[in-house]
1. Please tell me if A547 is at pLDDT 95 or above, crowded, with 19+ Cβ neighbours inside 10 Å, under 22 Å from G251 (Cβ atoms) and of a type in the set (A, V, I, L, M).
2. Does region 290-301 include one or more residues that are within 13 Å of the chain's Cα centre (by Cα), buried (at least 20 other Cβ atoms within 10 Å of the Cβ) and on the phi > 0 side of the Ramachandran plot?
3. Considering region 209-231 alone, what residues qualify as being charged (D, E, K, R) and part of a loop (DSSP other than H, G, I, E, B)?
4. Right, K287: in contact (Cβ under 8 Å) with a residue 40 or more places away in the chain, over 20 Å from E220 (Cα atoms), surrounded by fewer than 23 Cβ atoms within 10 Å (Cβ to Cβ) and not small (G, A, S) or not?
5. Consider region 59-99. How many of its residues are in a loop (DSSP other than H, G, I, E, B) and basic (K, R)?
6. List every residue pair whose Cβ atoms sit under 8 Å apart, with the two residues 6 or more apart in sequence or on different chains, where the first one lies in region 512-540 and is over 30 Å from F226 (Cβ atoms) and the second, anywhere, is of a type in the set (V, I, T) and assigned to a loop (DSSP other than H, G, I, E, B).
7. For P33, are the conditions met, namely being assigned by TED's automatic domain parsing to the domain that holds A181, crowded, with 18+ Cβ neighbours inside 10 Å and part of a loop (DSSP other than H, G, I, E, B)?
8. Out of (1) crowded, with 17+ Cβ neighbours inside 10 Å; (2) in contact with a helix residue (DSSP H, G or I) (Cβ under 7 Å, 6 or more places away or on another chain); (3) over 23 Å from A347 (Cα atoms), what's the single condition that is false for L509?
Amino acid sequence: MNSEPDNLSSCNVSIHLRSMSEKHPHKRAVVYPAARDKYNRVAYSHLTFQQLDRESDYYAYGLEKAGIKQGTRTVLMVKPGIEFFALTFAIFKVGAVPVVVDPGMGISRMLRCLEESRPNAFIGIPIAHALRKLRPKYFKTVKTCITVGRRWFREGLTLNDIRCKSNKPYNIAKTRQNDTAAILFTTGSTGPAKGVVYTHGTFDAQIRHIKSHFNITSDEIDLPTFPLFALFDPALGMTAIIPDMDPTKPGFVNPEKIIEPIMNQGVTNMFASPALLNRVGRYCKNKGLTLPSLKRVISAGAPVSPSNIERFASILCDGAEIHTPYGATEAMPVISTGSKEILSETAELSKKGFGICVGRSIGELEVRIIEINDNQIEKWSDDIILPDGDTGEITVSGDLVTKQYFRKPKADALSKIKEGDKIWHRMGDLGWMDKNGRIWFCGRKNQRVITKNGFMFTIPCEAIFNNHPMVFRSALVGVGSPPNQKPVICIELEHNKKEKRKKLIKKELLELAKSSVLTKDIETILFHKAFPVDIRHNSKIFREKLAIWAEKKVN
């Protein structure tokens, strides 16, 4: 993708790693668990910033020799670790375009995403190449194959084959602000997964906003429990401690494998999905543990309940704070707030059904609430902006907002609004703005329930039921067709209860429903053993699947 005429400045995200290599050559860049001894103690290995920069240079030389160059769309399916970091920055250095798909979305959906991206090269672990060989029709455009590890097939090269040592630093490709840097696929949690086009300028803006907003300093040590976010660490100058966990199952993580590196490596910053935050927080509370080195926890990927925040905040020390930035693959982070403001001001309102306060816009990003509309909006007009207090769709514009999907013009038309040279992205989320400029999240637009009495929004309604001590989480779904849907609340209990106990809980929940104007029309409550959730963060509830289940139960 060529740069626009008004934006020709050179920009490549890998320059940040080169800069850190020059400023802090001997500082640890990536620390990873290498082995465990007979006492189950972890032995760590690491690469310094200088070593990581050189290692990515060696791979960049090899990628270029193998035919991977500027603009080459390259599937990267490698486990979190040294190779993941070094290869990603090597791909950036040659100006190629990594295609990143979450394998947790399921094989069939992942294959469709990979086919849509029309990749020219494929770099992956042996099992990823086995999938490529078993389903060749999805990889017709692939010309270059590189295996990370032992090659199972005669075809292609190995990582060892392409690693070219050189005493000269690799000449980083002179990509520009609007040149495509990567294609990152959404989870597809509320619709088909789409490839989001990231430019080098997008990444650069993200790095600047994250560093500035969260006040990240050069002595930070990060525990990134989501691999994609780990890539920001070298660019931000943070040491990344790779956790010993399955990144596709954060909600089932062994808490000890998160606590151990925090304690022993002096972790100051951690990214955690709400599901991981909940699991580790409960464990620490039960064991009476605190995490004194942490000064900042960032939790995102789904709404974070006030109770989850309160629990985890209680195990932090010395003014440490939990931040809950709001965003999406298409634009992140957009809005943010912290646990101090949540627990002192907004949590009680959230429990009453006001929605979840996600905070104020970051930096110079513009956020507006517009009328709820399921159709395309071709041109921006201030006439569609709602007054403060009214619930509508959240839209955002700014330098970190992506401009398009990969070869999805219909999705572009539905998600982007043009205002001259400016692009507004429709988040697909509903919310309202208070008099202090804070945004309150009320749920996904396509998950609202449309009844004869009007709209019902998921987050506010669910909050009423979540107040019950036996409720782990709830989900509002609509049965039937709009505009005459029947509102149904699905309940996942804290612990599985006997039928007799469930009858009493159900009676209490119906009384709760009648106590609020938001939920007074809800007369149907269904118990579900375990909600279906997204793979990436184990936190977003698949309400569409619950709606199908509820339909069968009700009818």
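The values are calculated or read from the model by the stated rules, or taken from the named source; none is laboratory data. Because the structure is predicted, anything quoted here is derived from the model rather than measured. Because the Cβ atoms are built from the backbone with ideal geometry, glycine has one as well, and the counts that use them run over all protein chains shown.
1. On the way: at pLDDT 95 or above: yes; crowded, with 19+ Cβ neighbours inside 10 Å: yes; under 22 Å from G251 (Cβ atoms): yes; of a type in the set (A, V, I, L, M): yes.
So A547 passes the test.
2. yes
3. Within region 209-231, D219, E220 qualify.
4. On the way: in contact (Cβ under 8 Å) with a residue 40 or more places away in the chain: no; over 20 Å from E220 (Cα atoms): yes; surrounded by fewer than 23 Cβ atoms within 10 Å (Cβ to Cβ): yes; not small (G, A, S): yes.
No, not satisfied.
5. Filtering region 59-99 down to residues in a loop (DSSP other than H, G, I, E, B) leaves 66-72, 78-81, 95-96.
Restricting the remaining residues to those that are basic (K, R) gives 69, 79.
Result for region 59-99: 2.
6. From residues that are over 30 Å from F226 (Cβ atoms), the pairs are L512/T519; A513/T519; A513/I522.
7. Answer is no for this residue.
8. (3) is the only condition that L509 fails.
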